[in-house]
Amino acid sequence: MIATLKAVEASQLQLVEREDIDDEEDLFESINKLISAGINTGDVKKLQDAGIYTCNGLMMHTKKNLTGIKGLSEAKVDKICEAAEKIVNLGYITGSDALLRRKSVIRITTGSQALDELLGGGIETSAITEAFGEFRSGKTQLAHTLCVSTQLPANMRGGKGKVAYIDTEGTFRPDRIIPIAERFGMDPAAVLDNIVYARAYTYEHQYNLLLGLAAKMSGEQFRLLIVDSVIALFRVDFTGRGELAERQQKLAQMLSRLTKIAEEFNVAVYMTNQVIADPGGGVFISDPKKPAGGHVLAHAATIRLMFRKGKGEQRVCKVFDAPNLPEAEAISFYLNFSITPGGIADAKD
């Protein structure tokens, strides 16, 4: 009974916070505001052609990168950056202000109450959540469930926004969305219309698709970006130890772009990752595996989840790393959930 009351109170508190957030102004400033600050319309168009649609996003680029845009000299870049700094404050703020900004974070339900509780309410916006595990462990099934739950209203712990899905392995199935939408009482056709999908075939194609998202996200309300999987094309396009350093550098640039998208547009980034054999895992660990991508990917992810198969359709999730969970709990806490026709759900005893 007590647990139920606490859950109701927490739900009410979350709804109050979400209502406050809905009344807030946009979290980013349009790049068009530079025109009123004295920047030439043609130069603003050049920034948009380069995938920069907000002043916040502009300030996330180095001047070296900006001068690489055709038609922008160092003098123009200095003037543009100076104007953007007057529009967007990216300097020091107090801890209280940082806490206030955190209230804009939305937690999107995974479809499993137990998994939501493990994640502190669901998948966070303005953060990167990585799910790694072997094949058929539930990573892509969670991605499909999130495609629907993200579109739910706030009172159903959704994000009230659209979804962008970048598929590098050809595993997205629109017909899978239909029963999940029906489970949540939503119109499958409307849900599918609110998913923007792209199939990537090379790591360069994957990066270019990310650049093109800025135009969409600046004009429409997106709440989720899925990359399934983030590492697959890098493992194909770069081979051998001789190309490892270049691969990691390109991967770091890709992950940096994902981080900027998450923070610039307040969207949740959910990316899946593959695993590789870990010869140094120890003789006492059966079938040792570790996530692919090395330290570069490990540092980029805000929350890392390890998935593995359980009994039947049950799956086990372990919080591998998270900044808002005690280390002991993050290491030792396991959770069972199931894959159902309606997507991810709580496991039945």
**Complete:** Only one of (1) in contact with a strand residue (DSSP E or B) (Cβ under 8 Å, 6 or more places away or on another chain); (2) open to solvent by less than 20 Å² (accessible area, probe 1.4 Å) does not apply to residue 196, and that is (2)
**Request:** Show the residue pairs that are 6+ apart or on different chains and have beta-carbon atoms under 6 Å apart, the first residue being within the stretch 90-107 and open to solvent by 70 Å² or more (accessible area, probe 1.4 Å), the second being aliphatic (A, V, I, L, M).
**Result:** 90/59
**Item:** Residue count for the stretch 42-66, restricted to those that are under 14 Å from residue 256 (Cβ atoms) and open to solvent by less than 40 Å² (accessible area, probe 1.4 Å)
**Value:** 2
**Fill in**
Every listed condition ((1) polar (S, T, N, Q); (2) more than 13 Å from the chain's Cα centre (by Cα); (3) farther than 22 Å from residue 48 by Cα) holds for residue 229 save (2)
**Prompt:** Looking at (1) more than 16 Å from the chain's Cα centre (by Cα); (2) outside any helix (DSSP H, G or I), which is the only condition residue 249 fails?
**Reply:** (2)
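Just to verify a result, which residue in the stretch 294-311, among those that are outside any strand (DSSP E or B), under 17 Å from the mean Cα position of the chain (by Cα) and touching a residue at least 24 places away in the same chain (Cβ under 8 Å), is farthest from residue 122 (Cα to Cα)?
296
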**Request:** Considering each residue of the stretch 312-323, count those that are over 18 Å from the mean Cα position of the chain (by Cα) and either among the β-branched types (Val, Ile, Thr) or outside any strand (DSSP E or B) (or both), and give that number.
**Result:** 3
**Complete:** Taking the stretch 142-185 and keeping only residues that are open to solvent by less than 20 Å² (accessible area, probe 1.4 Å) and either part of a loop (DSSP other than H, G, I, E, B) or touching a Pro at 6+ places or on another chain (Cβ under 6 Å) (or both), one is left with 150, 152, 158, 159, 161, 168, 181
**Complete:** Apart from one, (1) out of contact with any Ser or Thr (no Cβ under 8 Å at 6 or more places or on another chain); (2) over 22 Å from residue 305 (Cβ atoms); (3) open to solvent by 40 Å² or more (accessible area, probe 1.4 Å) all hold for residue 277; the odd one out is (2)
**Request:** Please verify whether the stretch 139-155 includes one or more residues that are more than 22 Å from residue 172 (Cα to Cα) and in contact (Cβ under 8 Å) with a residue 40 or more places away in the chain.
**Result:** yes
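The values are calculated or read from the model by the stated rules, or taken from the named source; none is laboratory data. Owing to the predicted nature of the structure, the values given are computational and were not obtained by experimental measurement. Methodologically, a virtual Cβ is constructed for each residue, glycine included, from the backbone with ideal geometry; neighbour enumeration extends over all protein chains shown. Heads up: the accessible areas ignore ligands, DNA and RNA and are worked out on the full protein's heavy atoms, side chains in. Shrake-Rupley method; radii C 1.70, N 1.55, O 1.52, S 1.80 Å.
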